[in-house]
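Enquirer: Here it is, the structure, as structure tokens.
The values are calculated or read from the model by the stated rules, or taken from the named source; none is laboratory data. Please read all numbers here as calculations on a predicted model, not as lab measurements. Cβ: placed from backbone, ideal geometry, glycine included. Neighbour counts: every protein chain shown. Remember, those area values only see protein heavy atoms, side chains included, never the ligands or the DNA or RNA. Shrake-Rupley method; radii C 1.70, N 1.55, O 1.52, S 1.80 Å.
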Amino acid sequence: MGLNLFERIENIKSYKSGKLKEDYGDFFSKYSTYEGYLSRLGALADKYDFVSNTFDKGSSEGRVIPVSRVSSDNTKKSNRFMFTGLMHGREFIGGEVCMGILEKICSEQNKKILENAELYFIPVVNPDALVRNVVTVNSGSHYGTLQRQNANGVDLNRNFQDRFDDRAWTNKISIPILNEEYSGKHPFSEAESCFLRDFVNSKDITGAVSFHSYGEVIL
């Protein structure tokens, strides 16, 4: 049965007053922080010889965007797939799903996959927002709001070339607090979207999956 009006008002008051820290609890003992992702990727590379990591600066604030490559050797394969997460900094499950697939592939060591494909995992596309959100959650001062955009207030998912000029006029207004879908001054105006563009082009990626959590759907 749905909430009555009084219960809805009380929920909104609690949401806006920042009391929902209780809902997060020890959230980041279960979900990874930015440093946690770097550590987990490093551990996989130490354990498995078919895993190699690169840590190149790619965020707006100069943080590295980690990339993990899985393949049996360094030869270029005809199948090259990319998996990304946390393009939106508060969609924490996206990064965890990305890491979960990577860890499962490592543990199973499927020879057919390792010998015939190059798999690239980028679990944290937007590290600046993730770092901010971890601090915000742990301080208990989130007031119901966590950061979706990058450090410049840009929705990275809308900063690519495809149909940029056709986006709604609201996507072109830079008011970070009110407009979470600001697409930036122009396509690839942001360091993170440029990082992905250059990475895809350099590796000649043949297929990609970007993990989000909004809407609970697969597109």
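Enquirer: Extending each Cα 7 Å along its Cβ direction at Asn201 and Val135, get the distance between those two points in nm, one decimal.
Expert: My value for the distance between the label points is 3.3 nm.
Enquirer: For region 45-97, give the percent of accessible area contributed by carbon and sulfur heavy atoms, probe 1.4 Å, rounded to a whole number. Don't skip to the answer; put the middle values down first.
Expert: Working: 1170 of 2430 Å².
About 48 percent, which is the carbon plus sulfur part of the accessible surface.
Enquirer: Nothing charged except the Cβ atoms of Lys and Arg (+1) and of Asp and Glu (-1): what's the magnitude of the dipole of region 33-155 about its Cα centre? Round to the nearest 20 debye.
Expert: Working: 14 positive and 14 negative charges, 35 e Å.
So the magnitude is around 160 debye.
Enquirer: For Asp128, what is the net charge nearby, where nearby means another residue's Cβ is under 9 Å from its Cβ and Lys, Arg count +1, Asp, Glu -1? Write down the numbers at each step before the final one.
Expert: Values: positive: Arg63, Arg132; negative: Glu61, Glu192.
Around Asp128, the charge tally is 0.
Enquirer: What is region 66-219 by shape, rounded, prolate or oblate, if you read a ≥ b ≥ c off the alpha carbon gyration tensor as root eigenvalues and call it rounded for a/c under 1.5, prolate for a/b larger than b/c, and oblate otherwise?
Expert: Details: a/c = 2.51, a/b = 1.53, b/c = 1.64.
It comes out oblate by the Cα gyration axes.
Enquirer: Moving to a separate point now. Using a cut-off of 11 Å between beta-carbons, work out the net charge of the residues near Arg90 (Lys and Arg +1, Asp and Glu -1, Arg90 not included).
Expert: Numbers: positive: Arg132, Arg148; negative: Glu91, Glu180.
Combined, the nearby Lys, Arg, Asp and Glu give 0.
Enquirer: Here's another thing I want to ask about it. Please tell me which of these pairs span more than 31 angstrom C-alpha to C-alpha: Lys104/Lys172; Lys47/Lys112; Lys57/Lys185; Lys104/Lys203; Lys112/Lys203?
Expert: On the way: Lys104/Lys172 40 Å; Lys47/Lys112 20 Å; Lys57/Lys185 22 Å; Lys104/Lys203 23 Å; Lys112/Lys203 20 Å.
Among Lys104/Lys172; Lys47/Lys112; Lys57/Lys185; Lys104/Lys203; Lys112/Lys203, the Cα-Cα distance tops 31 Å for Lys104/Lys172.
Enquirer: Another question, if that's okay. What full-extension length gain, to one decimal in nm, is calculated for Asn179 and Arg167 as 0.36 nm per residue of separation minus the Cα-Cα distance? Display every interim value, and only then the final one.
Expert: Working: separation 12, 0.36 × 12 = 4.32 nm, distance 1.35 nm.
So the chain would gain 3.0 nm between Asn179 and Arg167.
Enquirer: Another question, if that's okay. Normalised by the residues of region 60-219, what does the relative contact order come to in percent, with Cα pairs under 8 Å and at least six apart?
Expert: Reported as a whole number, the value is 31 percent.
Enquirer: Describe numerically, in nm with one decimal, the distance between label points set 7 Å from Cα along Cα→Cβ at Tyr48 and at Asp73.
Expert: Label at Tyr48, label at Asp73, 1.9 nm between them.
Enquirer: On the protein heavy atoms, probe 1.4 angstrom, tell me the percent of accessible surface of region 100-219 carried by carbon and sulfur. Kindly include the intermediate steps, with their values, before the conclusion.
Expert: Working: 3440 of 6660 Å².
For region 100-219, the apolar C and S fraction of the accessible surface comes to 52 percent.
Enquirer: In square angstrom, what is the accessible area per residue of region 28-115 with a 1.4 angstrom probe?
Expert: Values: 4370 Å² over 88 residues.
Result: 50 Å² of accessible area for each residue.
Enquirer: Highest first, please rank the peptides 63-72, 100-109, 122-131 by the mean number of other Cβ atoms sitting within 10 Å of their residues. Don't skip to the end; give the middle numbers.
Expert: Values: 63-72: 20.5, 100-109: 14.7, 122-131: 27.5.
With the highest mean Cβ count within 10 Å placed first, the list reads 122-131, 63-72, 100-109.
Enquirer: What FRET efficiency comes out for Ser29 versus Gln109 if R0 is 30 angstrom and r is the Cβ-Cβ distance? Round to the nearest 0.05. If you can, show how the numbers build up before the last one.
Expert: On the way: r = 29 Å, r/R0 = 0.96.
Efficiency, from the Cβ-Cβ distance: 0.55.
Enquirer: What's the local net charge at Asp56, with K and R +1, D and E -1, over the other residues with C-beta under 11 Å away?
Expert: Residues near Asp56 contribute +1 overall.
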